[in-house]
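Engineer: Questions regarding the structure given below will be posed in turn.
Every read-out reported here was derived from the displayed coordinates using simple, explicitly stated rules and does not represent laboratory data. Quick caveat: nothing in here was measured; it's all calculated off a predicted structure. Note: ideal-geometry Cβ built from the backbone for every residue, glycine included; neighbour counts use all protein chains shown.
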Amino acid sequence: MYQEKIISPPSGYLTFALSIALLGAAVFCFITEHFILGGALLAIDVFLIFPGFLIINPNQSMVLTLFGKYTGTVKADGFFWVNPLTTKRRLSLKANNLNGQQLKVNDKLGNPIEIAAVVVWKVKETAKAVFSVENYMQYVNIQSEAAVRHLANIFPYDHAEGEETTITLKDGAEKVSEILETELNERLSRAGIEVLEARISHLAYAPEIASAMLQRQQATAVIAARKLIVEGAVGMVEMALAKLSEKGIVELDEERKAAMVSNLLVVLCGDRHVQPIVNTGTLYN
């Protein structure tokens, strides 16, 4: 594993002035017909000085190797001069967005789902990015896809029946993103890549089970709504009986109370408007 070595080469402005002076001297030699000296000066300028100039823009770096040996990385922006025999490779230090493709995988419960993630990353250690992997951009793509697949396999899409404590892909977005970011940093550290952020960008059931899962969600919602309605209706019936008994408006035996409770629950829990029936006889007719 190569460790990054940051170097600060000398400024290129003084060397550039020397290069201009050698070029002027070579021209003067040609004018005065000193062709051998002029040719030598021109060759030194073209082959030994000019190739050593280095321009580094902001948020860029240059990895230098000399005869197959890593000599260092220049990260400071500016105009420099280095050994003209060094091989130079420019790397960007800017943040990159990886918009992952939609993957079809099985979640922890075996349900087929579609999932995709957006990853923000940048090169942190240039030596590892260049020398430790063949192609660091391809490495990021493949390892990101593997991490997303692994994430989908260890968490369910939604809560199972009667289970509410498990982290799910659907409801635990913050925790899931944190786990994904941690795993990606572990996977990509070999290539000197730092993951700044990782988020799930697409999450859905696969088309073949989407309809069935929608019906299940609708049924769950209906059951929850009915449960709330029943709880409210029971409370209202209890309050009505207590008020009638407290104010002494009417005395009801157990049979009449049961009939009243049944009628009130039908009225309060029904999903349609009820038709009232007026009893003009006695309470028992």
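Engineer: Here's a check for you: in segment 91-105, which residue that is touching a Ser or Thr at 6+ places or on another chain (Cβ under 7 Å) and not in a strand (DSSP E or B) is farthest from D45 (Cα to Cα)?
Structural biologist: The extreme case among them is G100.
Engineer: I would also like to ask the following. From the list K108, K88, K128, K122, pick out the single residue that is assigned to a loop (DSSP other than H, G, I, E, B), in contact (Cβ under 8 Å) with a residue 12 or more places away in the chain and surrounded by 13 or more Cβ atoms within 10 Å (Cβ to Cβ).
Structural biologist: Numbers: K88 fails: assigned to a loop (DSSP other than H, G, I, E, B); K128 fails: assigned to a loop (DSSP other than H, G, I, E, B); K122 fails: assigned to a loop (DSSP other than H, G, I, E, B).
Of K108, K88, K128, K122, the one residue that is assigned to a loop (DSSP other than H, G, I, E, B), in contact (Cβ under 8 Å) with a residue 12 or more places away in the chain and surrounded by 13 or more Cβ atoms within 10 Å (Cβ to Cβ) is K108.
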